Amino acid sequence: MPATKIQLLGHATFKVTTPENKIIIVDPWLSANEFMPAHLKKFDDTDLFLITHGHDDHFDLEVLDIVKQGKTTIIANPMVRWYLIENNCPLNCIEPMNLGGTIFLKDLNVHVTMVNGFHISHINITESQARFPHMNVGFILHLSDGTKIYFAGDTSVFSDMKLIGEIYKPTIAALPIGDRYTMGPLEASHAIRLLNVKQVIPFHYGTYAQLTGSPEELISLTKDIDGLQIHVLKAGGEIELNP
């Protein structure tokens, strides 16, 4: 069976390739993503979009053009889901769910769990108008090879990460570390301990000048954790996971 692959497409957008060769895009900031290499801006083969919240650097309406081709499913933050419906997203393309729920997508052979996140969000309607205020959510992907990936989305550290670790036992976690708008390396070092996870991909750092958190600082703050692997990926970088 092929290994699960995780690729950082740029900034906060990830691509997961499952053992069944299904494609999952997490937080789809697509063609307009200035931090994504041009040759990776191809999404017609996407099987599933996961959307943690509605900020422009995690979600854009280009997903509608893709899902209307009839192949792709969306699981979104509930408020983003309503925004998609208002914009004529076909209802049969959206799997509704909410915090604490898990669904099984038979065609992908993947279970998806929606979990808490703490990050105040909205959707920009114009440059000066916002609607749909909401909080970020996170996702756990349960794959057929036993891999469990926790995508935190944009979030602060919060104590219930301990429950996420105890209940779902993620194999690997993708955590923001940029500071200012999300947790920084200090808070992420505590998140790693709460989750009790041994593999981490930092993201949402180094792309804008305000995002000053660095992987080097995170590595320094977690050097006491036995067996911890921090995978520092540049845009386009990919890892294969051994379950």
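Only the coordinates and a few stated rules stand behind these numbers; no lab work does. This structure is a prediction, so every number in the text was calculated from the model and none was measured. For neighbour counting, all protein chains shown are included, and Cβ atoms are generated from backbone atoms with ideal geometry for every residue, glycine included.
As a rough guide to protection, the peptides 225-236, 98-109, 146-157 ranked by mean Cβ packing within 10 Å, highest first, stand as 146-157, 225-236, 98-109.
Taking the Cα centre of region 4-241 as origin and charging only Cβ (+1 Lys, Arg; -1 Asp, Glu), how large is the dipole, in debye to the nearest 20?
Rounded to the nearest 20 debye, it is 360 debye.
Packing, taken as the mean count of other beta carbons within 10 Å per residue, orders the peptides 1-9, 173-181, 39-47, 20-28 from highest to lowest as 173-181, 20-28, 1-9, 39-47.
Set the Förster distance to 45 Å, then compute FRET efficiency between Thr126 and Asp160 from the Cβ-Cβ distance, nearest 0.05.
In this case the efficiency is close to 0.80.
So for the chain, taking the charge dipole from beta-carbon charges (+1 Lys/Arg, -1 Asp/Glu), which of His53, His39, Phe139 sits furthest toward the positive end? Looking along the dipole axis, the top candidate is Phe139. Using the Cβ-Cβ distance between Asn88 and Tyr168 with R0 set to 35 Å, the FRET efficiency from 1/(1 + (r/R0)^6) comes to roughly 0.55. Which percent, nearest 5, of DSSP beta bridges in the chain are antiparallel? So the antiparallel bridges amount to about 65 percent of the total.
For a modelled paramagnetic label at Glu20, 7 Å from Cα along Cα-to-Cβ, the residues of region 145-170 in reach, with backbone nitrogen under 17 Å, are 145-149. Can you tell me the relative contact order of region 133-204? Whole percent, Cα pairs under 8 Å, sequence separation 6 or more. Relative contact order for region 133-204 comes out at 30 percent.
Among residues other than His53 with Cβ under 13 Å from its Cβ, the summed charge is -4 (Lys and Arg +1, Asp and Glu -1). Using r as the Cβ-Cβ distance of Leu64 and Lys234, and R0 as 30 Å, what FRET efficiency do you calculate, to the nearest 0.05? So, using R0 = 30 Å, E works out to roughly 0.55. When the listed pairs Lys162/Lys234; Lys5/Lys223; Lys41/Lys68; Lys41/Lys106; Lys5/Lys68; Lys41/Lys148 are checked against a 20 Å cut-off, the alpha-carbon distance exceeds it for Lys162/Lys234; Lys5/Lys223; Lys41/Lys106; Lys5/Lys68; Lys41/Lys148. The relative contact order of region 4-241, computed from alpha carbon pairs under 8 Å that lie at least 6 residues apart in sequence, is 17 percent.
Assuming 0.36 nm per residue, please report the length gained on full extension of the stretch Arg180 to Ala38 beyond their Cα-Cα distance. If you can, show how the numbers build up before the last one.
Working: separation 142, 0.36 × 142 = 51.12 nm, distance 2.80 nm.
48.3 nm is the gain from fully extending Arg180 to Ala38.
Only DSSP H runs of four or more residues enter the estimate; each adds -39500 (n - 2.57), and after division by the residues of the chain the mean residue ellipticity at 222 nm equals -4500 deg cm²/dmol. Match the structure shown to one of the listed values (1) 17.5, 53; (2) 16.6, 50; (3) 18.4, 60 of Rg and Dmax of the Cα atoms in Å, computed from it, and give that label. The value matching this structure is (2).
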